[in-house]
Amino acid sequence: MTQNAGYTPEEFAALHDQIVDTFARGGTLADLRDISDDECEALYTLGHGLYEKGRYADALKVLGYLVALNHSEHRYLVALGATAQALGKYRDAVQQYMAATLLDPLDPTPVFYTGQCMLELNQYAAVIESCDLAIAMCKGERHAVLLERAKAMRATAAAKSSKES
C-alpha cells in the first residue's frame, strides 16, 4: 500500500477525520494549522497594504492564502474580490463578492462591487439587478455615498442597455 504524503494509511485517515470534524464545526484551515486570529489579521494588513500600493499581483497571493486559511471572514473575501477586480479578473472577483454577501447579507458593498464587475463585462441586466439590490440594502447615512454611486451606475447601465437594444 502506498503512503500519502509520508502518512501511514491510519495517520492519513485520522487527519482526514480531523479535517472533516473541524469543518463540520465551522472551523477553518487556520484552526487546523494553529494560525491565530492575530496572525490572520497581520496577513490581512499585509495584503491590504500591497493593494493600497498598487501591487495587486502580490496582494492577490497574500489575500488568496488568507481566504484559504479563513474562508469565513467577510472582510477577507471582499479584499480578495477587490484585488481580483483591480487585476481585471472580474469573474473571479464576483465569486468572492458573492461569498462575502452570503456571510453578511446586510452589507451592500460587495453587491455594489459585483455590479461594477458586471459593468466591465457589459452585462447590463446584471448591473441593474445588482444596483437595485444594493440600493434596497443601503440604510441611513452609513451607506449614503454607496447609495448615490449605485444609483449613478444603474443609470449608466440602463443607458448602455437601451443603446444596445
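What lysines does LYS160 reach when the alpha-carbon gap must be under 17 Å and sequence neighbours fewer than 8 apart in one chain are set aside? Result set, ordered by chain and number: LYS151.
Against the globular-protein guess of 2.2 N^0.38 Å, express the Cα radius of gyration of the stretch 1-155 as a ratio, rounded to two decimals.
Compared with the compact-globule rule of thumb, the stretch 1-155 sits at 1.25.
Take THR45: with every protein chain present and a 1.4 Å probe, its accessible area is about 90 Å². Computed over protein heavy atoms with a 1.4 angstrom probe, the accessible surface ordering of LYS151, LYS53, largest first, is LYS53, LYS151. Rolling a 1.4 Å probe over the protein chains gives ASP37 an accessible area of about 120 Å². Comparing ASN122, PRO105, GLY81 along the charge dipole axis of the stretch 77-165, the residue lying farthest to the positive side is ASN122, per the Cβ-charge model. On a per residue basis, the chain carries 60 Å² of accessible surface, using protein heavy atoms and a 1.4 Å probe. Couplings 3J(HN,Hα) for the stretch 125-141, derived from phi with the Karplus relation 6.51 cos²θ - 1.76 cosθ + 1.60 (θ = phi - 60°), are 5, 5, 4, 4, 4, 4, 5, 4, 5, 4, 4, 5, 7, 5, 10, x, 4 Hz, where x marks Gly and Pro.
Structure remark: mean-square fluctuation, Gaussian network model of the chain, C-alpha springs under 10 Å; the largest value among ALA30, ALA144, ALA99 belongs to ALA144. Here the chain is assigned +1 on the Cβ of each Lys and Arg and -1 on the Cβ of each Asp and Glu. Its dipole about the Cα centre then comes out at about 1040 debye.
Sequence-distant contacts, meaning Cα pairs under 8 Å at least 6 residues apart, place the relative contact order of the stretch 16-135 at 16 percent. Its alpha carbons considered, the stretch 1-74 gives a radius of gyration followed by a Dmax of 15.8, 50 Å. Proximity of backbone amide H atoms, modeled 1.01 Å from N, is registered between ASP107 and no other residue at under 5 Å, excluding neighbours fewer than 5 places apart on the same chain.
Placing unit charges on the Cβ atoms only, positive for Lys and Arg and negative for Asp and Glu, gives the stretch 77-165 a dipole magnitude near 180 debye about its Cα centre. The spacing between the stretch 100-159 and the stretch 5-68, judged by their C-alpha centroids, is 30 Å. D by Stokes-Einstein for the stretch 65-165, Kirkwood Rh over Cα pairs, 4 °C, 1.567 mPa s: 95 µm²/s.
The values are calculated or read from the model by the stated rules, or taken from the named source; none is laboratory data. Note that the structure is a prediction, hence the values are computed from the model and not measured. Heads up, the Cβs are rebuilt from the backbone with ideal geometry, glycines too, and the neighbour counts pull from every protein chain shown. To get the accessible areas, we keep the full protein, side chains included, count just its heavy atoms, and leave off ligands, DNA and RNA. Shrake-Rupley method; radii C 1.70, N 1.55, O 1.52, S 1.80 Å.
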